[in-house]
Amino acid sequence: MTPRLSLTTRLLIATGIEIGWEVLENTPMAIRHYRQQGLAVGYAGDSILNSVMDTVMMAIGFVMAARMPVWAVVALGIGFEMFAGVMIREGMLLNIIGFAWTPEFITRWQGGP
């Protein structure tokens, strides 16, 4: 998308977007919205450590993705998403879906057996 920008510049832009998301995710409006989902009833926002580590992991993933072939990045992304879905019944896709609309069958599935 931005091949003329250096990797460092692209990383700084991505980091800025990630930090912006972390701030937005911890606003009272977003926390209220998360609490409307069944599994997040007592959610009070992310800890500072969680937000910092999310940003660090994003940066590591960004650098790795910059050096890997596209097919490997896509395969890893799908694999990680599936792993999180199976192991903890959560993931980025479910988070995005839940932010817009949470179907009852997803709420039941996330609630466990």
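Going through the stretch 4-46 one residue at a time, which ones are among the β-branched types (Val, Ile, Thr) and either closer than 21 Å to residue 102 by Cα or under 15 Å from the mean Cα position of the chain (by Cα) (or both)?
Result: 15, 17, 19, 23, 27, 31, 41.
So residue 49 fits all but one of (1) at pLDDT 95 or above; (2) loosely packed, with under 11 Cβ neighbours inside 10 Å; (3) under 13 Å from the mean Cα position of the chain (by Cα); what number is the exception?
Here residue 49 clears every test but (3).
Among all residue pairs at least 6 apart or on different chains, which show Cβ distances below 6 Å where the first residue, located in the stretch 42-57, is under 17 Å from residue 29 (Cβ atoms) and the second is at pLDDT below 95 and not charged (D, E, K, R)?
Pairs found: 43/34; 45/26; 45/31; 46/26.
The values are calculated or read from the model by the stated rules, or taken from the named source; none is laboratory data. The structure displayed is predicted, hence computed values, not measured ones. Note: ideal-geometry Cβ built from the backbone for every residue, glycine included; neighbour counts use all protein chains shown.
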